[in-house]
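J.: Take this structure first; my questions come after.
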Protein chains: 2
Amino acid sequence: VDVRLAMTGFGNVGQGVAQLLAEHRDEYKARYGVRLLLTGAADRGGAAVDPAGLDERTLLRAKQERGSVSASGQEQTGVVGEEFLVNSRANVFIEAASTNFVDAEPGWSLIRSALSLDMDIVMASKGALVLYYSELMELARSRGKTVAYSATIGAPLPILELTNRALVGTTILGFEGVLNGTSNVILQAMIEGNSYDDGVRAAQELGIAETDPTLDVDGWDAAAKAAIVANAAFGSALGIEDVVRQGIRGITPEDIQAATREGSTLKLVSTASRRDGVVVAEVRVERRGPTDPLGRLRGPEMGVVMHADPLGDFTATVENSGGVTGGIATAFTVLRDVLNLARSQGWNSSRPA
Amino acid sequence: VDVRLAMTGFGNVGQGVAQLLAEHRDEYKARYGVRLLLTGAADRGGAAVDPAGLDERTLLRAKQERGSVSASGQEQTGVVGEEFLVNSRANVFIEAASTNFVDAEPGWSLIRSALSLDMDIVMASKGALVLYYSELMELARSRGKTVAYSATIGAPLPILELTNRALVGTTILGFEGVLNGTSNVILQAMIEGNSYDDGVRAAQELGIAETDPTLDVDGWDAAAKAAIVANAAFGSALGIEDVVRQGIRGITPEDIQAATREGSTLKLVSTASRRDGVVVAEVRVERRGPTDPLGRLRGPEMGVVMHADPLGDFTATVENSGGVTGGIATAFTVLRDVLNLARSQGWNSSRPA
C-alpha cells in the first residue's frame, strides 16, 4: 500500500527524511507493509510536486546545488499553499520547516489546510504546538485526524510513548528533561575547557543547533518542549509564554568549574509539575551529579524523568548515538511517527491504494 | 461503555487488579471513557462469575478469609474452563495465574478458548509466551485479536513501547535488562551485609518473589523475560529453553564484596542480540558500575537498555517506587494494557454496550 507524504521544510530534518526514504523505502515496505512516497516537498524557494512520487535524490541535489527543491526539474508548483497540498494528494502532511515562535507561519495555515483536506499531521516544528495547541488539537479531533509530534520534543526520546501509553492508569506528578541538544553540546564543550563560542560552533557542525541559535541558548526551544510535554502529560494547554525561562548564555567558565569541583555537571532542564490542579513549567540551569539519570548524559545525549504516582520515576534516555543526532535523529523520529500512524490506521493491511 | 474482564489467578497480581478496579473504576471511566467490569474471577479453588460485574471487595474478602474467590457468594461456577469464559461474557481475558514453565496450563487452554470466543488477551503469566509463542501469535492474528503482555517483562517498564513504537524504523541490535525483581532484592540485601536467606525473605515480604522462588534465583524468570523481549525486538520465536541461563543461587558474600571494592554491584542481566540473523539470548550475573544505567539501580528497581542502529542506546528504568512494586506494579501494568487496548479498539468512543 502506498502512503503519500507532503513535507514543508528542507533543512537538516527535511533532507534527513528525504535521505531515509531514498535509502530505506524497500526495507520499510518489507518490514511495515507500506510504501512511503514523497509526493510534495517545499522550501522557502518553492515546491516540487508529483503525486506518483518525487525522486528524493534529485531533490537533495537541487537543494545542495541550486538552493531549493523547486529547482529539481520535477513537476512543480511555484506557490506553496493549499494548492501544494491538494496537488500532492498526500495522506500525511509533515511540517518540518524552521520553527517560528511568533505566528507559527506558514506552518500553521498549512496544517489547517491539510486537516481540512483529510490529511493526518506529523510535526517536526514546534510553532503551532506552543502557539495554538488547543485550537490545533480540537480541529484534529473534529476532523477525526491524528497529530503526531514525537519529533518536536527531544527526538528520538520515547516521551509520548510514556505519557500516552506506558503511564496510562497512573497519575503523572511532574517531569524533568534534558531536551535541548545545542545547550548540551555547548555546556559539554565548556566542561572540556573550550569557550562558549567554540561550543556554539560544535553544535552547528553536528547539525544540532537550530537555525537561529538564540532559540537554543536563551532557552526558548527548551521552554517550548517543556510546554509540549506538559500538555501531553497533564492535558493542559500551556503556550511557550507560560514557561518560566532561563538560558545558558550567562553561564561562565567559573560556573562550570564550580560544578565540576563537586563532581557535577550543569544541565539545561525543562521541567513541569502539577500542584493543586495548576501546571507550572520552567526551564532552568541545574547541577546534576554523575549518578543522576540526567547528570550522566554527555554531549548531545538527552533524557527525561517522569514522576508517576504511585509507580515511581520513569527514566528514558538516549546515549552513544555515534554522532547520529540532530537532523537525522529527528528525521528518524518523523518516520517513526509516520509508520506508527500507518499501522494505527490499518494502512498496512486494508487501505486501498 | 462497559468493558468486561475475565481473569484467572487471584494471587498478588490478581488481587492487585481487583483492588485497583474497586478503587479507580470511576476515575478510569472519567479519564479513559470505559467502565471496566470484572465479570469473571477464578483461582485454584473455583470461580465467581457475573456478567453484570462482580463486587471486587467481596472477592478479596472471600480470598482472604476462605481461601478462594469461589466462596464469595456471588454467582458462581465450580468448573474453571471454557464455560467460565463463556458465562463471563468478557471482552478481554486476563491470564494472571502462577507461571508454569512445564505446560503453561491451565492458562494456555484458556487463552485458546478465549481467542476462539473473540476475546482479546492480556497476559501477566509468562508460560504460554515462552512455550507456545509462535502458535499463540499466529492464532491471535488469524482471529484478528490482540495479545498484550507488558506485565510479563519487568512491569511497569515501557519495554514493548520501545520495541513496538519508539524504535520503529531503526534496527534493534541487542538489549540488556535488569528484569527480575527478586534477584535484585536479594543481591541488594547481600550488598547491605545480610545473608542470601534474609534477601529471599525480604523479596517475599515485598510481594515480589514468585510463588516458587526457584524460578527467580535460578534465573528461569529472567530467562523467560529474555526470550519474550527478544521475540518482540527481533521477531524471533525463542522459547525459555533457548536461553543460556545463570542464576544467583551460587553468589557468595565474597563475590559481593569483590564487586563493592571496585565500586560496582552485581546484577542479574537478561540479554539478547542478533548476529548474522541468529538471535542469542542469555541470563548472567554481571558487575555494573555506579554510573552505568543498570548499575545505578537499587533494591527492586528495574531497567533495560536497547541498542538501536543507528540512533544509539535507549535506556528505560523505573526507580523510587516507594515500595509499589511486585504484584501491585504488575497489576497496574495489566490495567495499562487493558486501557490501551480499549483505546486502540475504539471502545472508548464507538463500541455498543
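J.: Within the range A:293-308, how many residues are more than 9 Å from every other protein chain (Cβ to nearest Cβ) and open to solvent by 30 Å² or more (accessible area, probe 1.4 Å)?
T.: 2
J.: Further question: When both residues are 6+ apart or on different chains and their Cβ atoms are under 6 Å apart, which pairs have a first residue that lies in the range A:167-192 and is closer than 17 Å to residue A:234 by Cβ, and a second that is in a loop (DSSP other than H, G, I, E, B) and at pLDDT below 95?
T.: The qualifying pairs are A:179/A:154.
J.: Next question. Being more than 14 Å from chain B (Cβ to nearest Cβ), at pLDDT below 95 and under 24 Å from the mean Cα position of the chain (by Cα): is that true of residue A:44 here?
T.: yes
J.: Quick one: residue B:169 ticks every box in (1) part of a loop (DSSP other than H, G, I, E, B); (2) more than 28 Å from residue B:110 (Cβ to Cβ); (3) out of contact with any Leu (no Cβ under 7 Å at 6 or more places or on another chain) bar one, so which box is it?
T.: Result: residue B:169 passes all but (3).
J.: Please state which one of B:183, B:236 is more than 14 Å from every other protein chain (Cβ to nearest Cβ), over 18 Å from residue B:321 (Cβ atoms) and out of contact with any His (no Cβ under 7 Å at 6 or more places or on another chain).
T.: The match here is B:236.
J.: Please go through (1) more than 14 Å from every other protein chain (Cβ to nearest Cβ); (2) over 25 Å from residue A:99 (Cβ atoms); (3) in contact with a helix residue (DSSP H, G or I) (Cβ under 9 Å, 6 or more places away or on another chain); (4) at pLDDT below 95 for residue A:214 and return the number of the only condition it doesn't satisfy.
T.: Residue A:214 satisfies every listed condition except (2).
J.: Could you grab the pairs with beta carbons closer than 6 Å, sequence gap of 6+ or different chains, first residue in the range A:309-337 and within 7 Å of chain B (Cβ to nearest Cβ), second one of a type in the set (D, E, K, R)?
T.: Between residues of the range A:309-337 that are within 7 Å of chain B (Cβ to nearest Cβ) and residues that are of a type in the set (D, E, K, R), the close pairs are A:312/B:319; A:313/B:319; A:319/A:301; A:319/B:313; A:320/B:313.
J.: While we're here: Tell me whether the range B:152-165 contains one or more residues that are away from chain A (no Cβ under 14 Å) and either in contact (Cβ under 8 Å) with a residue 40 or more places away in the chain or open to solvent by 40 Å² or more (accessible area, probe 1.4 Å) (or both).
T.: Yes: the range B:152-165 contains one or more residues that are away from chain A (no Cβ under 14 Å) and either in contact (Cβ under 8 Å) with a residue 40 or more places away in the chain or open to solvent by 40 Å² or more (accessible area, probe 1.4 Å) (or both).
J.: Is there a residue in the range B:280-291 that is open to solvent by 10 Å² or more (accessible area, probe 1.4 Å), at the interface with chain A (Cβ under 9 Å from one of its Cβ atoms) and either over 14 Å from residue B:174 (Cβ atoms) or in contact with a strand residue (DSSP E or B) (Cβ under 7 Å, 6 or more places away or on another chain) (or both)?
T.: yes
J.: Can I ask one more? I need the full set of residues from the range B:260-291 which are under 24 Å from residue B:200 (Cβ atoms), of a type in the set (A, V, I, L, M, F, W, C) and in contact (Cβ under 8 Å) with a residue 40 or more places away in the chain, in order please.
T.: Matches in the range B:260-291: B:266, B:268, B:269, B:283.
J.: Being in contact with a strand residue (DSSP E or B) (Cβ under 9 Å, 6 or more places away or on another chain), over 26 Å from residue B:293 (Cβ atoms) and β-branched (Val, Ile, Thr): is that true of residue B:147 here?
T.: yes
J.: Of the residues that make up the range A:85-101, is at least one under 19 Å from the mean Cα position of the chain (by Cα) and farther than 30 Å from residue B:310 by Cα?
T.: Taking every residue of the range A:85-101 in turn, at least one turns out to be under 19 Å from the mean Cα position of the chain (by Cα) and farther than 30 Å from residue B:310 by Cα.
J.: Sticking with this one: For a quick check of your reading of the model, give me the residue pairs whose first member lies in the range A:47-65 and is under 21 Å from residue A:92 (Cα atoms), whose second is of a type in the set (Lys, Arg), with beta-carbon atoms closer than 7 Å and at least 6 apart or on different chains.
T.: Listed pairs, sorted by first residue: A:51/A:4; A:51/A:89.
J.: Something else now. Within the range B:96-146, how many residues are of a type in the set (A, V, I, L, M), over 20 Å from residue B:83 (Cα atoms) and part of a loop (DSSP other than H, G, I, E, B)?
T.: 2
J.: Within the range A:85-109, can you find the residues that are closer than 13 Å to residue A:41 by Cα and either without any contact (Cβ under 8 Å) to a residue 40 or more places away in the chain or touching a helix residue (DSSP H, G or I) at 6+ places or on another chain (Cβ under 9 Å) (or both)?
T.: A:85, A:86, A:90, A:92, A:93, A:94, A:95, A:96, A:97, listed by residue number.
J.: Oh, and also: Mind checking which residues of the range B:177-216 are assigned to a helix (DSSP H, G or I), surrounded by fewer than 24 Cβ atoms within 10 Å (Cβ to Cβ) and hydroxyl-bearing (Ser, Thr, Tyr)?
T.: Across the range B:177-216, the qualifying residues are B:196, B:214.
J.: Only one of (1) under 30 Å from residue A:17 (Cβ atoms); (2) buried (at least 18 other Cβ atoms within 10 Å of the Cβ) is not met by residue B:124, so which one is it?
T.: (1)
J.: Same structure again: State whether one or more residues within the range A:229-243 are of a type in the set (Gly, Ala, Ser), open to solvent by less than 40 Å² (accessible area, probe 1.4 Å), at pLDDT 95 or above and more than 26 Å from residue A:162 (Cβ to Cβ).
T.: no
J.: Still on this structure, I have one more. Select, from A:82, A:56, the only residue that is of a type outside the set (Gly, Ala, Ser), modelled with pLDDT under 95, touching a helix residue (DSSP H, G or I) at 6+ places or on another chain (Cβ under 7 Å) and closer than 25 Å to residue A:342 by Cα.
T.: Answer to the check: A:82.
J.: Let me ask you something else. Can you pull out every residue in the range A:66-84 that is touching a residue at least 24 places away in the same chain (Cβ under 8 Å) and acidic (Asp, Glu)?
T.: A:75, A:82
J.: Got a sec? Which of B:37, B:20, B:59 is within 25 Å of residue B:225 (Cβ to Cβ) and either assigned to a strand (DSSP E or B) or open to solvent by less than 20 Å² (accessible area, probe 1.4 Å) (or both)?
T.: B:20
J.: With in contact with a strand residue (DSSP E or B) (Cβ under 8 Å, 6 or more places away or on another chain), in a strand (DSSP E or B) and among the hydrophobic types (A, V, I, L, M, F, W, C) as the only criterion, which of B:90, B:47 stands out?
T.: Unique residue meeting the criteria: B:47.
J.: On to the next question. Taking the range A:258-277, which residues are in contact with a Ser or Thr (Cβ under 9 Å, 6 or more places away or on another chain) and open to solvent by 70 Å² or more (accessible area, probe 1.4 Å)?
T.: A:274
J.: Considering only residues that are assigned to a loop (DSSP other than H, G, I, E, B) and closer than 13 Å to residue B:113 by Cβ, look in the range B:68-87 and name the one that is most open to solvent (accessible area, probe 1.4 Å).
T.: B:79
The values are calculated or read from the model by the stated rules, or taken from the named source; none is laboratory data. The structure presented is a predicted model; accordingly, all values stated were derived computationally and were not measured. For neighbour counting, all protein chains shown are included, and Cβ atoms are generated from backbone atoms with ideal geometry for every residue, glycine included. Ligands, DNA and RNA are stripped out before the accessible areas are found, and what is left, the full protein with its side chains, is counted by its heavy atoms. Shrake-Rupley method; radii C 1.70, N 1.55, O 1.52, S 1.80 Å.
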